[in-house]
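Trainee: Here it is, the structure, as structure tokens.
Computed from the coordinates by the stated procedures, all read-outs in this text should not be read as laboratory data. Bear in mind the structure is a predicted one, so any value in this text is a computation, not a measurement. For neighbour counting, all protein chains shown are included, and Cβ atoms are generated from backbone atoms with ideal geometry for every residue, glycine included.
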Amino acid sequence: MAIELYIFDCDGVIINSAEDIASAVNVSLKKFGYWQIPLYKVVEFVGDGTEKLLLRALDFSTKGKFNAESSYGKESFSKILAFYLEYYYSHAVEKTCLYAGIKELLRILKEKGKKVCLLTNKPEKIAEVILKKLEVFEYFDLITGPDTLDENGRQIPKKPEPDGLLYTLRKINSRFGTCFTEKNAVMFGDSAQDILAGKAFGCKTIACRGGLGNKELLLAENPDFCFSVASEVEKFIDVLSKDDGVSEMEKYAMKNEVPVLQNAGSDFIADYIKNHEIKNILEIGTAIGTSSIRFAKIRDNIHVTTIEIDEKRYAQAVKNVEAEGLKQRITLIFGDALTAQIQGKFDLIFIDAAKAQYINFFNRYSPLLSENGVIISDNLSFHGMVEDLSLTHNYSTIKLVKKIRKYIDFLKNNEEFETEFFKLGDGIGVSRRKNSR
């Protein structure tokens with residue numbers, strides 16, 4: 001069943017809000033005379049709503065001596081909660097930022113006609129303020145929080161109860177005249193509560209293990225698919241949109257965080273192979289063989305040589321190639337592309353491996369290009385961050401994006417090759433020798 005309804009948790013999936021939440025918690029604790037607590041402890045307490053967050057913080061701060069059941073405790077907690085909500089509402093986006101690639105993912109989902117919703121245990125009012133400040137509010141068709149009232153004027157139970165998902169489905173169908181069922185939906189989350197809610201509802205679930213939630217508990221709930229961050233699903237939107245379901249190879253890729261070529265990029269390369277009588281292909285970065293298999297199937301006279309450095313992915317690629325009956329036409333090499341000794345001439349060299357090494361890959365393998373051959377490079381947009389570096393605040397990601405930018409400059413200023421750039425998939429470059437036309 002095609003996935004048309006994308007439902008996201010907020011903290012740890014759309015936004016990294018750890019520092020602002022911790023700051024608000026500690027300001028609240030200090031205001032009422034309690035010891036402040038470390039950031040990592042606050043992060044551990046996130047995920048079950050504001051009340052539980054503060055109760056856990058008070059319990060840790062007082063070493064278990066805060067009695068929330070006593071009349072004094074109830075009165076004190078009521079004041080602390082009110083103060084926290086007011087303070088956090090006014091300071092919710094001091095350091096909070098979107099996770100890498102999220103804005104581009106949301107844009108693409110809307111471009112493809114998908115419905116996008118937020119289901120959070122964070123108060124709806126605060127979530128709305130944050131999304132507006134981070135300039136992504138417009139992408140959401142519906143925001144549901146613990147303070148949202150259902151059709152009968154009742155508050156919606158928090159996750160892991162499925163009520164919020166049921167409400168979201170009803171609301172979307174009513175508002176847009178759709179007939180979606182739970183089989184048309186997917187729930188993204190970084191905590192066990194998110195996955196449990198999705199499973200109770202009956203939809204597909206995607207774990208974001210790079211979020212704020214406990215990773216062991218998250219993965220213990222056996223989510224259908226797993227990514228480091230939600231934006232990595234961008235490559236699989238078209239896969240999830242198929243009415244006939246997801247293939248075993250695609251399921252493996254999504255379950256094990258294997259990068260694959262986006263449909264638009266894959267279609268572009270496949271068309272190039274068809275239209276230019278390409279016979280010999282060298283692929284740098286096999287992953288699990290998805291692209292190699294597609295390219296080899298275009299014509300019987302095509303041979304693909306492909307190299308992969310990750311042993312687990314290489315082993316899976318071997319299985320996939322054998323299952324497709326292409327062992328004679330796809331040569332799989334396990335090793336480092338920067339040191340491997342590969343012989344022959346290739347009509348097309350496809351670079352889709354470690355982005356930081358693209359210049360080295362290009363220089364090492366361009367001598368193996370046939371007279372009229374091309375080098376195709378993928379991920380030159382990198383979720384839109386190459387064009388707009390403000391889309392990420394992660395230091396490692398910023399470094400990587402800068403290296404991709406350096407590679408693009410290398411291509412633009414190369415004396416031997418000229419490159420055409422295409423805004424397809426995640427950004428593609430096609431390089432050919434200047435005297436080959």
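Trainee: Consider all pairwise Cα distances in the range 263-433 and report the whole-number % of them above 21 Å.
Mentor: Within the range 263-433, distances greater than 21 Å cover 47 percent of Cα pairs.
Trainee: Separate question: Rounded to whole Å and ordered largest first, report the semi-axes of the equivalent ellipsoid of the range 18-90 derived from its Cα gyration tensor (root of 5λ).
Mentor: The three semi-axes for the range 18-90 are 17, 14, 11 Å.
Trainee: I've got another one for you. Could you compute the FRET efficiency for Asp59 and Leu81, with r as their C-beta to C-beta distance and R0 at 25 Å, rounded to 0.05?
Mentor: The calculated FRET efficiency here is 0.95.
Trainee: List the aspartates and glutamates whose alpha-carbon lies under 19 Å from that of Lys242, not counting same-chain residues fewer than 8 positions away?
Mentor: Within the straight-line cut-off, Lys242 pairs with Glu4, Glu111, Glu182, Asp224, Glu232, Glu234, Glu250, Asp267.
Trainee: Report, ordered by chain and residue number, the lysines lying within cross-link reach of Lys95, taken as a straight Cα distance under 24 Å and ignoring same-chain residues fewer than 8 apart.
Mentor: Straight-distance partners of Lys95: Lys30, Lys31, Lys41, Lys52, Lys103, Lys122, Lys125, Lys132, Lys133, Lys215, Lys399, Lys402.
Trainee: Shifting gears a bit: Relative to the first principal axis of the alpha-carbon coordinates of the chain, what is the inclination of helix 311-323, with its axis defined by its Cα atoms, in degrees from 0 to 90 and to the nearest 10?
Mentor: For helix 311-323, the angle is close to 60 degrees.
Trainee: How long is the gain from Asn413 to Ser71 if the chain were fully straight, where each residue apart is worth 0.36 nm and the alpha carbon distance is subtracted?
Mentor: Using 0.36 nm per residue and subtracting the Cα-Cα distance, I get 115.8 nm.
Trainee: Further, regarding this structure: Between Pro223, Pro38, Pro162, where does the largest GNM mean-square fluctuation fall for the chain, given springs only between Cα atoms within less than 10 Å?
Mentor: Pro38
Trainee: Please work out the Cα center distance from the range 59-110 to the range 379-437, rounded to the nearest Å.
Mentor: Spelled out, the Cα-based centre of one part sits 40 Å from the other.
Trainee: Counting other C-beta atoms within 10 Å, which of Lys63, Lys355 has the fewest, and how do the rest follow?
Mentor: Lys63, Lys355
Trainee: Hey, what angle do you get for helix 192-201 against the long axis of the chain, alpha-carbon based, 0 to 90 degrees rounded to 10?
Mentor: Taking Cα atoms only, the helix is inclined about 80 degrees.
Trainee: Along the range 151-161, what does the Karplus equation 6.51 cos²θ - 1.76 cosθ + 1.60 (θ = phi - 60°) give for ³J(HN,Hα), rounded to whole Hz, x for Gly and Pro?
Mentor: Ordered by residue, 3J(HN,Hα) equals 4, 9, x, 9, 5, 7, x, 6, 4, x, 5 Hz.
Trainee: Whose amide H sits under 5 Å from the amide H of Thr205, counting only residues 5 or more places off or on another chain, with H placed in the peptide plane?
Mentor: Result for Thr205 returns Met187, Asp224, Phe225.
Trainee: Full extension from Tyr272 to Leu338: what is 0.36 nm times the residue separation minus their Cα-Cα distance, to one decimal in nm?
Mentor: Answer, rounded to one decimal: 21.1 nm.
Trainee: By count of other Cβ within 10 Å, fewest leading, how are Leu169, Leu134 ordered?
Mentor: Leu134, Leu169
Trainee: Something else about it: Pairs of alpha-carbon atoms within less than 8 angstrom and 6+ residues apart define the contacts here; what relative contact order does the range 233-352 have, in percent?
Mentor: About 26 percent, as a whole number.
Trainee: Using a Förster radius of 25 Å, what is the FRET efficiency between Ser174 and Lys133 based on their Cβ-Cβ separation? Nearest 0.05, please.
Mentor: 0.30
Trainee: Going by Cα centres, the range 267-333 and the range 148-185 are how many Å apart?
Mentor: Value for the Cα centre distance between the two parts: 43 Å.
Trainee: To the nearest 500 deg cm²/dmol, what mean residue ellipticity at 222 nm is calculated for the chain from DSSP H runs of n ≥ 4 alone, each contributing -39,500 (n - 2.57), summed and divided by the residues?
Mentor: Only helices count here, giving -12000 deg cm²/dmol.
Trainee: Picking from Phe60, Phe225, Phe295, which is most flexible by a Gaussian network model of the chain using Cα springs under 10 Å?
Mentor: Maximum among the listed residues: Phe60.
Trainee: Sort Tyr167, Tyr252, Tyr89, Tyr72 so the one with the fewest other Cβ atoms within 10 Å of its own Cβ comes first.
Mentor: Fewest-to-most Cβ neighbours within 10 Å comes out as Tyr72, Tyr89, Tyr252, Tyr167.
Trainee: With the crude spin-label approximation of a point 7 Å out along Cα→Cβ, what separation in nm comes out for Ser90 versus Glu322?
Mentor: 6.6 nm
Trainee: Dipole size in debye (nearest 20) for the range 263-433 around its Cα centre, Lys and Arg Cβ +1, Asp and Glu Cβ -1?
Mentor: 220 debye
Trainee: Mean-square fluctuation check for the chain, GNM, Cα pairs under 10 Å: which of Asn152, Asn413, Asn301 is largest?
Mentor: Among Asn152, Asn413, Asn301, the largest mean-square fluctuation in the Gaussian network model of the chain belongs to Asn152.
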